[in-house]
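Everything below concerns the one structure shown next.
The values are calculated or read from the model by the stated rules, or taken from the named source; none is laboratory data. Only a predicted model underlies this, so the values are computations on that prediction, with no experimental measurement involved. Cβ placement follows ideal geometry from the backbone for every residue including glycine, while neighbour counts extend to all protein chains displayed.
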Amino acid sequence: MRLEPRPSSAGAAKILWPAGAILATVVLSSVLVMIAGASPFTVFWLVAKGAAGSQFALLETLTRATPLIFTGLAVAVAFRAKLWNIGAEAQLYLGAVMTVVIGTGAVTLPSAGLIPLIMVAAMLTGALTLLGPAILKTKFGVDEVVTTLLLNFIVLLFVSMLLEGPLKDPMGMGWPQSKRVVADAQLPRLIKGKRLHFGFILAIASAIVVWVIMKKTTLGYEMRAVGHNAEAARFAGIPVNRVIAKTALLSGGLAALAGFSEVTGLKGNLTLDLSPGYGYTGIVVAMLAMLNPLGVIAAAIFVAGIFVGADAMSRSANVPSYIAEVMVATSLLTMVAAIMLMRYRVRWR
Amino acid sequence: MSEAFEILFTASFWVAAIRIASPLIFATMGELICERAGVLNLGIEGIMVAGAFSGWFTVYMGGDLWTGVLVAALTGAMFGLLHGFLTVPLGLSQHVTGIGITLLAASLTYFTYRILLPEVSSPPKIEPFQPVVVPVFSDIPVIGQALFNQTPLTYLAYLTVAAVAFIFYRTPVGVAVRAVGENPAAVEAQGISVTAVRMGAVMAGSALMAIGGAFLTMSAFNSFFFEMINGRGWIAIALVVFGSWRPGKALIGAILFAAFDAYQIRLQQITGGVIPYQIFLMMPFVLSIVALVVVARRATYPKALMVPYQKGER
């Protein structure tokens, strides 16, 4: 078999293949649900209800989507320039570390000064975290996939060390957790008494800013050019290494915002389970959005819905909530295949 | 200080080093085969999880230990088939697909574990592979015990390196695998299918990764728990680069790495909590990055690594 580019007017393929991807994901997870001894219809209904069936469910989904928008944006920006940042998890955690370093009482400022200060500091921390692997890539030719992956492990151990040492909450009954950030450092809740917080608005705003950067600025153009063909970009006079460094700063900063917003908006302090793999899930979000910053919002809400819905489902049906991870991973693989088949026609010969 | 130095001369240290090296040897050889054929396989971490579980579960259900190894290998090969299909004929991004395979293999494993063993609170145990002393060879001073007082799976790891080296450099199959990673068009011109060779290499490599995972549940430990692979797959990818895509050098890299890992565990006991234990646990990952930086400048990647091949294209 071989692949041939489709004429750009092939409209049906643009709908059929993504629909096929969703269908394939549904079929595979149905099989797993049946193996678990439950009815797929009941289970999918429960997942949908748990994700969007009530005001509580919907707000919970949006709350869960917030960090995923940030990490999804981080990945989308980096992948667009073919900077393979698999380390959003590390950048998220170091952003959260900086958040509690400043936010737990070290600096006293009114809310309007303190929150932006923490935000910028967290972003800088995340940005520098990815700058390291980016420089290793451009100066030494070290593959950033491996370095960012390995950094995830190093950073998690580093955070664990901090939480058992200098950042440990003395009133924490011995648990490895940081002190809570002061009231002035906390993001307001959007609806009184609900968990959805201002971080969600920040995430939407970030997506719009990133969209503008990607579509309307020279940097965005350069990033796309480097991602498309680095050699050609260099030949055209684009400073490829500088563009990669800037991409890294932007991507790392965005991922760090996920850590910042989880601590200041939702959890209040830093623990080792702040992120159940948001950095990795961000890759799925970015790919489902086809690396489009605005698409990241929708993709993050969709993925968050699956997680929140599956959690609710597993409480009433006897199906492990790991089905959500399986569905998300499957949708990633089927979607990248669908995107390819949208653009190319398979010829059998 | 001398105490820290004396560790290096104890037989138990080197026995531990080889034990730690064994799963890495399988995984590194697996990744090396894939990459020499031109396909980066980031599915490695998840494939090791799946191999660790499927091998262990086979034995837990009453299967023979070697049947467990075979089941693990087949499980790995199935994920290899999926990774190969998506990246070779479809030519999808090897990075994204690989991460997807890791997420899928790990989550499917956890899901299956919960379905098959819903009631257990602590992971059930199996009777794992026991060390088999090889007569005569094990009497060699210092290295004898380390190399020849191990479980059969470690001996299989040695054999795997020898087999990979032999196949690569002494057989037509090996020539074809290396050639599709360097110059696929030339291979196609010989009438050999690039797709078939790459698919075969990815499946074989993935099977080895899965056996590496199974080593942990069936030889190093005796039960399966979540997060037990703990980055070993990613370290194997670093070791392939460190070994400049050669089986012998990669083997030396894996053993050096494992020796360092075994050393830090013992050093941790000597220092007795003065230095936070996390520093020691970080060292293997830091070492991997340092090793990559050291070799990166003169690394010669397989020329067609991560380049999808289309018949008739140049």
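Worth pointing out:
- Of the residues B:Ile279, B:Ile265, the single one that is over 30 Å from A:Arg345 (Cβ atoms), within 14 Å of chain A (Cβ to nearest Cβ) and in a helix (DSSP H, G or I) is B:Ile279.
- Criterion violated by A:Val120 - all others in (1) assigned to a helix (DSSP H, G or I); (2) among the β-branched types (Val, Ile, Thr); (3) under 20 Å from A:Leu254 (Cα atoms); (4) touching a residue at least 60 places away in the same chain (Cβ under 8 Å) satisfied: (4)
- Identity of the residue in region B:179-202, surrounded by fewer than 22 Cβ atoms within 10 Å (Cβ to Cβ) and either among the hydroxyl-bearing types (Ser, Thr, Tyr) or touching a Phe, Trp or Tyr at 6+ places or on another chain (Cβ under 9 Å) (or both), that ends up nearest to B:Ile47 (Cα to Cα): B:Met199
- Matching residues, region B:282-314, being within 8 Å of another protein chain (Cβ to nearest Cβ) and of a type outside the set (A, V, I, L, M, F, W, C): B:Ser288, B:Arg297, B:Gln310, B:Lys311, B:Gly312
- Given (1) of a type in the set (A, V, I, L, M, F, W, C); (2) facing chain B (nearest Cβ under 9 Å); (3) over 30 Å from A:Val212 (Cβ atoms); (4) surrounded by fewer than 24 Cβ atoms within 10 Å (Cβ to Cβ), index of the condition A:Ala329 fails: (4)
- Condition met for A:Leu274 (more than 13 Å from every other protein chain (Cβ to nearest Cβ), in contact (Cβ under 8 Å) with a residue 40 or more places away in the chain and not in a helix (DSSP H, G or I)): yes
- Region B:213-242: number of residues that are in contact with a Ser or Thr (Cβ under 7 Å, 6 or more places away or on another chain), away from chain A (no Cβ under 14 Å) and assigned to a helix (DSSP H, G or I): 3
- Failed item in (1) outside any helix (DSSP H, G or I); (2) within 14 Å of chain A (Cβ to nearest Cβ), with B:Gly38 passing the rest: (2)
- Single residue of region A:281-304 satisfying the filter (surrounded by fewer than 24 Cβ atoms within 10 Å (Cβ to Cβ) and within 12 Å of chain B (Cβ to nearest Cβ)) that is modelled with the highest pLDDT: A:Leu291
- Scanning region B:90-105 for residues that are more than 7 Å from chain A (Cβ to nearest Cβ) and farther than 18 Å from A:Val146 by Cβ yields one hit, B:Ala105.
- Members of region A:23-49 that are assigned to a helix (DSSP H, G or I), touching a residue at least 60 places away in the same chain (Cβ under 8 Å) and surrounded by fewer than 15 Cβ atoms within 10 Å (Cβ to Cβ): A:Thr42
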